Structures are given as C-alpha cells and as structure tokens.
Amino acid sequence: MAPLKGDPELTRAQPQIVDPNISTVRNNIRVSMERHKKNMAAEHGSALRDAVTALAQMVAGQDVPADGTWWQDSHARWELYRRAAGTVDAGERLLAGVAAESDLPLASAVVVMMLERVPAGERGRWAGALDPEVRDFSREREHELAVLDALTPGEPHAGSPSAQEIAAWSDWLQLRVAGAARDRPLLELLADSGRTKRIRGEARQSAHRVRREARETR
C-alpha cells in the first residue's frame, strides 16, 4: 500500500524522491520563463525598430542615420518623436512608435505632448496606446484638457467651477485656465486662491483684460 500523508515512509522518501522532482520542475519553469522573456524582448525590439525606422523615413528622409543601430538610442528616438509631432500626416506612425516603445517614461512623455496637439476625440487613442504601468498620468491629463476645453471661450459650460473644484485642480490646470479662461468670476477666484504666485498673477492679468475688453465693447 502506498504511504499516506504523514506516513513516516513518505517522510523518509521525500529527500530522495520529492525534493529532486520539485527542483527539476522549478528549474524547467525558470528556463522556460527566461526563454519566453528573451523571445518577447526580441519581438518587441523588432517592432520598435520597424516602427521607428518607418517614422524616420517619413519624417527625416535623407537625414536617417546610416548606422543601423541608431534607433536603440532613446535620446535619438525622442528627437525623432519631437520632430514627428510637428509633421503633418505623421500621427499614425508616431502612434505606432509609442505603442512599440520599450522606454515607458519616454512613451508617456510623447503621449502627454501629443494630447494637446490632437483633436479631443483622438486623445483616448493616444493614452490607450501606453502600457498600463504608465497610463494614469496621461489619463489625468486627458481629463484636465477636457476641463480646459469646457472653459475655453466659445465652448459651452455650466457656470463657473466651485472653489472646491478649483482647489482640487493641479497647478498645471490652474495655470492654463488662468491664462485661457474669460469668465470673470472664475478668474477672480483664481486670482484670490490660486495655488501659486504665478497662477494668481496670470489670473489677475486675464481678469484685467476681460474687464478692459468689456469696457471697450460698450
């Protein structure tokens, strides 16, 4: 009869039978995982190379470096992405580069840059192209831009935000609203309670312009 759980025979056999088997299984798993990681890295590197090379050929043309390994330099890729951001019709290839980018902070920086350049309806695609590990900041910036859009002259919005809402805004959003809004109550609130001296000063200047323009149109 086979020994039962807790049987002394099983206890004596464990070092000779069970432990080596566990070690073998663990080693096989480790080798398989390492092989999988290498394969994934190779595939990811190939996708990044192809995406960046296609983008460079479109944007840089004859300026593409002859060195076939230039694309591995994150600084070189950043300069290419910046150039592509200002190039008409490069958006889709730039988005492909972001999706393949192995440097996650670099990909996040590109998306944050592009969120202010693309139409509001396309912002979700750019934020969604990021790895979930670095997506939160871009999603927050996407939300902030929607708030800013709603407070831009000519866009419909339901009154001025409350003091509590403004207090919850980031410094970036407070400053951008202080410079772009034309709602006097909002600007005066920011002039009084903006988080930084720069924000308060910008809001005061904007409020002054709004008052002057109102007087000139009477």
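The values are calculated or read from the model by the stated rules, or taken from the named source; none is laboratory data. Keep in mind that what you see is a predicted model, and the values were worked out from it rather than measured. A quick note on method: Cβ atoms are made from the backbone with ideal geometry, for glycine too, and the neighbour counts reach across all protein chains shown. When the accessible area is computed, the model is the full protein with side chains, heavy atoms only, and any ligands, DNA or RNA have been set aside. Shrake-Rupley method; radii C 1.70, N 1.55, O 1.52, S 1.80 Å.
Numerical summary
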| read-out | value |
| --- | --- |
| Selection count where residues are more than 13 Å from A129 (Cα to Cα) and assigned to a helix (DSSP H, G or I), scope the stretch 92-104 | 0 |
| Long-range neighbours under 8 Å by Cβ, at least six apart or interchain, first residue under 16 Å from L48 (Cα atoms) and at pLDDT 90 or above within the stretch 67-90, second aromatic (F, W, Y) and surrounded by 12 or more Cβ atoms within 10 Å (Cβ to Cβ) | A76/W70; R77/W71 |
| Those residues of the stretch 190-218 which are in contact with a helix residue (DSSP H, G or I) (Cβ under 6 Å, 6 or more places away or on another chain), surrounded by fewer than 19 Cβ atoms within 10 Å (Cβ to Cβ) and in a helix (DSSP H, G or I), in sequence order | R200, R204, V210 |
| Among (1) at pLDDT 95 or above; (2) in a helix (DSSP H, G or I), the one test that L130 misses | (2) |
| Selection count, the stretch 96-128, where residues are within 21 Å of T53 (Cα to Cα), open to solvent by less than 30 Å² (accessible area, probe 1.4 Å) and aliphatic (A, V, I, L, M) | 7 |
| Only one of T87, T53 that is in a helix (DSSP H, G or I) and surrounded by 13 or more Cβ atoms within 10 Å (Cβ to Cβ) | T53 |
| Leading residue by the ranking (farthest from R135 (Cα to Cα)) among those in the stretch 56-73 that are open to solvent by 40 Å² or more (accessible area, probe 1.4 Å) and assigned to a helix (DSSP H, G or I) | Q62 |
| Near pairs, Cβ below 7 angstrom, 6+ apart or cross-chain, from the stretch 206-218 (touching a residue at least 24 places away in the same chain (Cβ under 8 Å)) to any residue that is among the small types (G, A, S) and surrounded by 11 or more Cβ atoms within 10 Å (Cβ to Cβ) | S206/A178; S206/G179; S206/A181 |
| Residue match in the stretch 166-182 (condition: touching a Pro at 6+ places or on another chain (Cβ under 7 Å), in a helix (DSSP H, G or I) and of a type outside the set (D, E, K, R)) | no |
| Restricting the stretch 154-171 to residues that are of a type in the set (D, E, K, R) and loosely packed, with under 12 Cβ neighbours inside 10 Å, the residue that is modelled with the lowest pLDDT | E155 |
| Candidates L80, L151, filtered to the one that is over 13 Å from the mean Cα position of the chain (by Cα), within 30 Å of H208 (Cα to Cα) and buried (at least 17 other Cβ atoms within 10 Å of the Cβ) | L151 |
